[in-house]
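> Got a structure for you, questions after.
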Amino acid sequence: MKKFYIRKVLDGLTAASSSSSSSTTQPGTPKENDVVQETLQSEHFQLCKTVRHGFPYQPSSMAFDPVQKILAVGTQTGALRLFGRAGVECYCQHESGAAVIQLQFLINEGALVSALADDSIHLWNLRQKIPAILHSLKFNRESISFLWRDTFPDYFPKCFLHLKARRSNLKRIYSIHFTLYKCTYIYTRTSSISTHPGPVVHISDNPMDEGKLLIGFECGVVVMWDLKCKKADYRYNYDEVRHYFLFCSILVRAPRKQPKDGKKPEPCKPILKVEYKTTRAGDPFMVLSGGLSYDTVGRRACLTVMHGKSTTVLEMDYPIVDFLTLCETPYPSDFQEPYAVVVLLEKDLVVIDLGQIGYLYCFLNIDQEKKFGCSPVTCCEYFADCPAELIPALYSVGSRQKRQGYSKKEWPISGGNWGQGTQSYPEIIITGHADGSIKFWDASALMLQVLYKLKTAKVFERTRGKEEKPSTDIVEEDPFAIQTLSWCPESRMLCVAGVSAHVIVYRFSKQEITTEVVQLLEVRMQGEFSDGDSPDPGGEQTPTLPTPGASSSPQEGELPTQPSTGSNSSDGPRDNIPCLQVRSSPLKQSPGYQVELVIQLVWVSGDPPQPITSLAINSSYGLVVFGNSSGLAVVDYLQKTLLLNMGTSDLYSPSDPYQRQPRSPRKQRQPSGALSDSNDGANPSEDRCKSPTSGSTSPNNSDDERKQNFIEKVKNKSRRFSKTVANDFGTVSSTCILSRDCIFKVDVDNSFTRSRSSSVTSIERESREAISSFHFCESFPRKNDSLASPCLLVGTTQGSVMMVALSMPPGGDQRLQQPVGISSCGTMASLKGGIMTMALLDAAGALLPPSYEPWYDANASDEEKEKSRRRRPATPPSSQEGQDSQFAVLCSEKQAKVLAMPSQTRLYKHNITESSFVLRADVVQMAGSNCIACFCANGHIMTLSLPSLRPLLDMNYLPLTDMRIARTFCFSNLGQALYLTSSTEIQRITYSQETCDNLQEMLSELFTPVETPEAPNRGFFKGLFGGGAQSLDREDLFGETAAGKASRSLAQHIPGPGGMEGMKGAASGVVGDLARARIALDERGQKLGELDERTAAMMASADSFSKHAHDMMLKYKDKKWYQL
């Protein structure tokens, strides 16, 4: 035997020794011929970001390219979001993180200029899939107040950008000549004002005269500037602050409401922006924000559209950040013909159809892709490689949910092209929101599109006012918020748990039905230790009937009468009252997910029900299981009955070595509303000493009065703390949450640590062991079993994994008549930290998913039911005597273990982290094999092979600085993961090397070659007889010869990583040479393209001249000189 172990160590050196020093094997390891051949290697893993979805968080500016049809949005955190057609989007980030104060597109040039609050401007190259900065200018002595771009057709490729300074005497406009590979800047004087006029708030050019500018200062001074003569033609002074100016004789100021009966004029809100657009029909469009009076309390932000004699005021849900008017032509000198207005709000993006004012465009940006911010996301799940028929089914029922009042025109932001990636498997993201809604998203091929929206709040009665609010709510705000969910893609069964301690089971149907009475089941969970030193000894129990105090049928599950008084009522503490009231009127359920059963936890002797911490559903068994700090409950949603209601301590057998007992006796628990009543604790009820599943009580043990008072104080503090945390979670607070009786806090160094609350002592911690995870499987409940049977794995926050055996009745009608048997088999293993995930592998290392029943429409005809309702054929593995045929994979907050089943012998063990803890762990499929993916609180993402637990990836990706990330991070199959980076944005990442290699092909393209629209003709006679203003060359106006050269200390030129200079400094060797050659080739191709266009124009001119000359020759060929 010793030689065998030595050879095992030598032969498995690469597999066993490559893991961390904490990875160990047991003597029970399978023989060498039986070891699973693992195919996953470190080369299969690489971590990178893929794409970011959602509405930009804290938007600050916006720009639109009218030729490329691309919309850019800047944020206060220095981020750039670019949007095109459906599925075309891009995310960029400025390194400084300063707020983006203004954006300007170089029209049809594939370039974007951004001005930041740190007095820097950047030129972005959009001609590549991942935009990069070509040039940057950092101003040293000046501060940027406004960014303006020439809008005349001759200067689209040159694109002079004028920046007005804040400091000094405000007499200069700095002109930056930006091209893709050139950056020069000079300045010209624009004012001779001796006093300090203040910052420039707007610059506007004359659409009919290229040589005139209208410059407005914040102090109220408006200057009409002649660029050619370099002097002011007119000056206007006003004593109020200006916000926006136009070159159409419009001066925007804070208006005043007309006085009534000789009273003083009422002030109005300032007009922050106005746009004036012309039409061929004659009546122009004027769009402005603000300007309404202050007299209306609570009036929301408004946008006013004036067209002819009609005036339309549109109220917005959120404050207006900016708006743009989209026109048919990019030239202001032509009739602009506006057709839409893009309104950027703080948490939304609205596009208004000007052809039919009041109607919105219906597309992704409104209520599909970008509107995560409609309600905060409280939970998130990611499913990759789903059944192919799921997405069409969800889209078919979701397409019927379109709201009325949307325009039928095409979405105007339609630029860019989709990627050409090979990733074709379906992906679905499910998000739960604070308002109780659930959204299903199609996330295939790096796109995001809403499929279906479910509103869980429809099941409950809504309160109309605060005075009608029931006093049993444990969460004052967002009582319908989604806390966790469980979804079976194959059977399409959905189970949802909310913060108000309610569970809703949904079944998918394509038929519309009306439910007269919503099926309700109330559960009384009172998982408390008795006053004895240990739980009641009763051996293994097999409860098949509901416990007393819980409704066993829908008829018995009627809601009790709501008490008319509060918690301090003389009638006593609240008891057997749910937190929400299920609606009593008929419920019309449209096609999609329809309510099958509602389960509610009720108050117990004045204590609110504990939040649900774990949830699972199995369609093959027809069971739903959920747990919290009080214990677990198993519900048969087919028979609408409660099968098991057991405290966590009762799951341990009397001889269980892992059993956790209270370290000292616990005093009788008092109601939370009876702290001032001394009589309530004098004669405690014996029923409260009973275990939920036992019929006998434990004798009360006396102890020192001082110790009892101390324990009671600890319990009360912990109870109040859990209520506070529930309220914080309901309001989606990001400061702290309660998870597995732990508090996650942010340290000063922005790193997350976990510490115990001072009020949660070891006594409370031991007695408050909560359920953390479930896993339905077909395995061996006991060590001596030779045939696999339905089981339930239960994981707790103290690291215990227990096995619960399920005795399922035969199918058909007997399944609806005979009860399901349940028996606890004791503890299978114990790990450090709370259990995060559990899974089973077969003898070959393949994942054994939970059994499921294929989807069938319960509301369809009987023939269709029989065709589709065939339970998945289950082939339970058998185990010969003394041999193991399964691997049980267990992962906790600290370590991972692999056990052999049914012997329950530990084969492998790996300590994941010592200084931190795991926030999310999942067993995922990757490159034809399986592994454990973990995300730790210190920001590390790790993967472990299965079953040997060999480390494959360990990368410090994201230091956890936001509790939102910990709550929403989730892994999926095929190397995909995501998390909520803000309240309105989802970041998708990949840990697959194959996906990283193909990422460039999968990403969408922002820039597409589009011919610039032809500029309007000025007219031959206007140019000949001086009917219009002559064109002025910007090189003559702003060139170094005329305006002078700016000081070198004015601004620092920083080559970007996307330019030639940045490439030279950042790259070297063959790769750098190839990159530089590609950029040079692109530059040469651009120049050759311009040369070809000029050559073609010269050839066309030459042909025209030749034709006219030939016609002239033929006309005068036969005429004499005197006939001319």
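> Take the residues of segment 635-652 that are crowded, with 24+ Cβ neighbours inside 10 Å and among the β-branched types (V, I, T): which is farthest from the chain's Cα centre (by Cα)?
T648
> Now, a different point. Failed condition for Y155, given (1) under 30 Å from F83 (Cα atoms); (2) modelled with pLDDT under 75; (3) touching a strand residue (DSSP E or B) at 6+ places or on another chain (Cβ under 8 Å), with all others met?
Y155 satisfies all of (1) under 30 Å from F83 (Cα atoms); (2) modelled with pLDDT under 75; (3) touching a strand residue (DSSP E or B) at 6+ places or on another chain (Cβ under 8 Å) except (3).
> Output the residues belonging to segment 781-800 that are under 20 Å from I771 (Cα atoms) and of a type in the set (S, T, N, Q).
Matches in segment 781-800: T796, T797, Q798, S800.
> With respect to the numbered conditions (1) at pLDDT below 95; (2) open to solvent by less than 50 Å² (accessible area, probe 1.4 Å), which one is the sole condition not fulfilled by K469?
(2)
The rows are residues; the columns are (1) at pLDDT 75 or above; (2) within 15 Å of G290 (Cα to Cα); (3) outside the structural domain of V342 (by the TED database).
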{"residue": "S204", "(1), (2), (3)": "yes, no, yes"}
{"residue": "M208", "(1), (2), (3)": "no, no, yes"}
{"residue": "M224", "(1), (2), (3)": "yes, no, yes"}
{"residue": "C229", "(1), (2), (3)": "yes, no, yes"}
{"residue": "F245", "(1), (2), (3)": "no, yes, no"}
{"residue": "S249", "(1), (2), (3)": "no, no, no"}
{"residue": "L272", "(1), (2), (3)": "yes, yes, no"}
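> Could you check segment 861-914 and list, in sequence order, the residues that are at pLDDT 90 or above and of a type in the set (S, T, Y)? Lay out the reasoning, then the answer.
Keep residues of segment 861-914 that are at pLDDT 90 or above, which gives 886-914.
Those that are at pLDDT 90 or above and of a type in the set (S, T, Y): S892, S903, T905, Y908, T913.
> Scanning for something at pLDDT 90 or above and either over 24 Å from H202 (Cα atoms) or open to solvent by less than 20 Å² (accessible area, probe 1.4 Å) (or both), does segment 133-141 turn up at least one residue? Spell out how you get there, then give the answer.
Taking segment 133-141 as the starting set, the residues that turn out to be at pLDDT 90 or above are 133.
From the residues that got through so far, the ones that are either over 24 Å from H202 (Cα atoms) or open to solvent by less than 20 Å² (accessible area, probe 1.4 Å) (or both) too are 133.
Checked against the condition, which is being at pLDDT 90 or above and either over 24 Å from H202 (Cα atoms) or open to solvent by less than 20 Å² (accessible area, probe 1.4 Å) (or both), segment 133-141 yields at least one hit.
> Please list, ordered by residue number, the strands (runs of 3 or more DSSP E) wholly in segment 56-150 having 2 or more residues that are under 21 Å from the mean Cα position of the chain (by Cα) and under 17 Å from I413 (Cβ atoms).
Working: elements: 59-65, 70-75, 79-83, 89-93, 100-106, 111-116, 120-125, 132-139, 144-149.
Of the strands (runs of 3 or more DSSP E) lying wholly inside segment 56-150, those with at least 2 residues that are under 21 Å from the mean Cα position of the chain (by Cα) and under 17 Å from I413 (Cβ atoms) span 70-75, 79-83, 89-93.
> Would you point out which residue out of T39, T77 is open to solvent by 10 Å² or more (accessible area, probe 1.4 Å) and more than 19 Å from S114 (Cα to Cα)? Show your work before the answer.
Details: T77 fails: more than 19 Å from S114 (Cα to Cα).
Checking each option against the conditions leaves just T39.
> Would you list the strands (runs of 3 or more DSSP E) that sit entirely within segment 908-994 and hold 1 or more residues that are among the small types (G, A, S)? Break it down stepwise before answering.
Numbers: elements: 918-926, 929-936, 940-945, 951-956, 970-972, 976-980, 985-992.
Result: 918-926, 929-936, 940-945, 970-972, 976-980, 985-992.
> Test of understanding: among S590, S620, which residue is over 30 Å from H775 (Cα atoms) and modelled with pLDDT of 90 or more?
Only one candidate passes the filter, namely S590.
The values are calculated or read from the model by the stated rules, or taken from the named source; none is laboratory data. Not measured: the values here are computed from a predicted model. Every residue, glycine among them, receives a Cβ derived from its backbone with ideal geometry; neighbour counts consider all protein chains shown. Side chains included, ligands, DNA and RNA excluded: accessible areas come from the protein's heavy atoms. Shrake-Rupley method; radii C 1.70, N 1.55, O 1.52, S 1.80 Å.
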